[in-house]
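Okay, structure first, notes after.
Laboratory data are not the source of any read-out in this text; all were calculated from the coordinates shown. This one's a predicted model, so the numbers in the text were calculated from it and none came from an experiment. Cβ sites come from the backbone with ideal geometry, for glycine too, and all protein chains shown count toward neighbours.
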Amino acid sequence: MKLFQSTAITFIAGTIVSASAFTSSTSAFIPHLARSNVRASSSTMQMVADDAKVILVTGSSRGLGRSIAIELGSLGQKVVVNYAGSKDAAEETVAAVKAAGGDAIAIQANCANPDEIKDMFQGATDAFGTVDVLINNAGITKDTLVMRMKPDQWQDVIDVNLSGVFYCTQAFFKLAMKKRTGRIINISSVVGQIGNPGQANYAAAKAGVIGLTMSNAKEFSARGITVNCVCPGFIESDMTAKLSPEYLETVCKGIPAGRLGKPEEVAGLTRFLALDPAADYITGHCFNVDGGIAIGS
């Protein structure tokens, strides 16, 4: 498609992050402080329904993860807001989830680090007793052409965007297998299906998430655990609001629906896969929210 040949588009979980050509970006990881990073106590928690689900959303202090967390909060769920960088942003998300009618805590963890992930799940169970649903959303980018890509630019993206999904899934499965129920939703990207110039590392990681989803669905189904994948396309964000109308017009010409997606449209599908009884018989599948840009992939 001409859109991908002529423009450098950076995706993080389906959100356009930059229109500039192949710039390198990443999230800053603050050292983990073990259990002290749980930002709420039982005495400050919201009162929600006894049957509310406990949902851990990685990378949910900002962007699409934040939209997903707030959507789930609006249904009265208990949300674990994972963050790697800004504590203030994470606590703002917690406040937004509570204002929407749910409950929430924030826990810092680098999703590329298995030990921090283990502590994150321990903090979640200490606060809420269990984790019922895992939404693997955390992701970073370090974009450049293949010929210029350094080993750390490749490895860092693979570590967070693919290995992090694997580590979080392992930790969640240890809880869910005992209950013989649970749901995992992995946030991939259309880039993992159709590729993107300057994002070989990101595309490879997101394609790996799709394969991991299908493999885990086959492994976990006997334990009553479903595993599905959501692939966002071009989604509105605070970053897209800064782009020129001319550039956005070019982007939309490559999308059959003729517009950018809305964060709530991705969050709505995620909500269905996480909570709706009708999703009990859906596992191992990949669902696009992309306006049709990846038709035929």
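Taking other residues whose beta carbon is less than 15 angstrom from the beta carbon of Asp276, and scoring Lys, Arg as +1 and Asp, Glu as -1, yields -1. Here's how it looks for Asn186: its modeled amide H is under 5 Å from those of Asn136, Asn228, Cys229, Val230, which are all 5 or more places away or on a different chain. Highest mean first, the peptides 193-204, 54-65, 243-254, 258-269 sorted by other C-beta atoms within 10 Å per residue fall in the order 54-65, 193-204, 258-269, 243-254. The fewest-to-most ranking of Ser297, Ser237, Ser188 by surrounding Cβ atoms within 10 Å reads Ser297, Ser237, Ser188.
What you get for region 169-220, charging only the Cβ of Lys and Arg (+1) and of Asp and Glu (-1), is a dipole of about 380 debye around the Cα centre.
For Val289, nonlocal amide neighbours, meaning residues 5 or more places apart or on other chains whose placed amide H falls under 5 Å from its own, are Cys231, Gly233.
Electrostatic tally near Asp143: other residues with Cβ closer than 15 Å to its Cβ, Lys and Arg +1, Asp and Glu -1, net +2.
Computed from backbone phi with θ = phi - 60° and the Karplus coefficients 6.51, -1.76 and 1.60, the 3J(HN,Hα) list for region 70-76 is 5, 4, 5, x, 5, 9, x Hz; x is used for glycine and proline.
Exposure proxy shown here: for Arg148, Arg271, the number of other Cβ atoms within 10 Å sets the order, fewest to most, as Arg148, Arg271.
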